Amino acid sequence: MINLKKRVALEAARIIRHNVTAEHPLRHLFWECTLRCNLHCRHCGSDCRQASATPDMPAADFLRVLDEVAARTNPNNVFVIITGGEPLMRPDLAECGRAIHDKGFPWGMVTNALALTPERYRQLLAAGLGSVTVSLDGLEESHNWMRGNEHSFGRVAQAIEMMTATPGLTYDVLTCVNQRNYRELPAIRSFLVGKGVGRWRVVTVFPVGRAAKDPEMRLEDTQFRGVFEFIKETRQQAQIHASYGCEGFLGNYEGQVRDHFYFCHAGITVGSVLCDGSISACASIRPDYHQGNIYRDNFMDVWERRFQVYRNRAWARQGECAECSMFRYCEGGGMHLHDETGRLLFCHYHRLTET
Ligand code: SF4
Ligand code: SF4
């Protein structure tokens, strides 16, 4: 049962969500600049390889998209986040960042840090790098097991030291909880606190890609709940600012494990340009929900005239969501949690309340 005070707060959050949805200002633009990756992680939702059948997107093609965006909105208000694959696989990453910066867009990247040498880091900072998300999936043994590389933990630790020593940089550490690192969460927290990390994002695996076939990735019900108890406790301790990722309505944990109430921003304030030119929202959303392609369409025409499936989620009221009393707050969960038919793959709320 959700108590009255929380219901009132959820109703207020619902009004805000509808107002933002009606306005749908583009605020975060992901660029999947490459599908190549130097790791082969157990939980990865994609099937990245060192070499990919899809070539890296030429920088000029994405920069043309930025011109289309800048023609209709203030570039200072649109944060470009470079993802992959692994962005550092691109030798021209710093040049890309500099060109994005010169067009007036703030930019950052999501990286596994394996190729983030101090020299490369300096080049990226000089090119205007403003934010970094780096993944850490355990202490040394479990992180390297998850990442399939014996050097990965050391590189992440080095990246964290470089980030914490950089004034003005926005950064966070992302941890994906699985069977193997679940019991390590307090030790990972101590490690991050010891390194002076300010922000820590904790997520759970959702069942697609390699993770779907790997039982070690999937948490038991008590562990799933335990993740939220752990985040709550960590926030109360206030040594590091921990948050759960954006996916999933969490019932009574709403307002306790994130800085805001549940809101899937995909297609509402978040857009993306994928490596093959597809226009989407978050990179983990299925191709069935792509809205256009930069090689055929003006990005802003698509942003302004399409994306209805993202902005009116009435279609999600089906299957498990059809009779759900939380639909008014949740609207069917994150877009990336739906299959090609619209069916929901995973409900956080029901997993928490029915176990
Ligand atoms: S059943 Fe659907 S609407 Fe209800 S909480 Fe789960 S995802 Fe949200
Ligand atoms: S699609 Fe998923 S990852 Fe993207 S904003 Fe929605 S919940 Fe978050």
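The values are calculated or read from the model by the stated rules, or taken from the named source; none is laboratory data. Computed from a predicted structure; not experimentally measured. Cβ sites come from the backbone with ideal geometry, for glycine too, and all protein chains shown count toward neighbours. Side chains are part of the model used for accessible areas, which takes the heavy atoms of the whole protein and leaves out ligands, DNA and RNA. Shrake-Rupley method; radii C 1.70, N 1.55, O 1.52, S 1.80 Å.
Among residues of region 336-354 that are touching a residue at least 40 places away in the same chain (Cβ under 8 Å) and over 16 Å from Q223 (Cα atoms), those with a beta-carbon under 8 Å from a residue that is open to solvent by 30 Å² or more (accessible area, probe 1.4 Å) and of a type in the set (D, E, K, R) at least six positions away or on a different chain give the pairs H336/R286; H338/R286; D339/R286; E340/R286; E340/D288. Those helices (runs of 4 or more DSSP H) of region 89-158 in which 3 or more residues are in contact with a strand residue (DSSP E or B) (Cβ under 7 Å, 6 or more places away or on another chain) occupy 93-102. The set of residues from region 187-202 being in contact (Cβ under 8 Å) with a residue 12 or more places away in the chain and open to solvent by 30 Å² or more (accessible area, probe 1.4 Å) comprises A187, F191, V193, K195, G196, G198, R199, R201. Scanning region 65-88 for residues that are free of Cβ contacts under 8 Å to residues at least 60 places away in the same chain and part of a helix (DSSP H, G or I) returns L66, D67, A70, P75, N76, N77, P87, L88. Among the residues of region 256-291, the ones that are surrounded by fewer than 18 Cβ atoms within 10 Å (Cβ to Cβ) and within 21 Å of L185 (Cα to Cα) come to 2 in all. Scanning region 1-33 for residues that are open to solvent by less than 60 Å² (accessible area, probe 1.4 Å) and closer than 30 Å to S278 by Cβ yields R17, V20, T21, H24, P25, L26, L29, F30, W31, E32, C33. Restricting region 320-355 to residues that are more than 19 Å from R286 (Cα to Cα) and touching a strand residue (DSSP E or B) at 6+ places or on another chain (Cβ under 8 Å) leaves a set whose member that is modelled with the lowest pLDDT is E320. Scan region 159-175 for residues that are of a type outside the set (V, I, T), open to solvent by 20 Å² or more (accessible area, probe 1.4 Å) and not in a loop (DSSP other than H, G, I, E, B) and the total you get is 5.
As a summary of the residue check, W303 satisfies the conditions (1) open to solvent by 50 Å² or more (accessible area, probe 1.4 Å); (2) more than 24 Å from E11 (Cα to Cα); (3) among the hydrophobic types (A, V, I, L, M, F, W, C) except for the one numbered (1). Taken over region 308-347, the criterion of being polar (S, T, N, Q) and either open to solvent by less than 30 Å² (accessible area, probe 1.4 Å) or away from ligand 1 (no atom under 12 Å from the Cβ) (or both) is satisfied by Q308, N312, T341.
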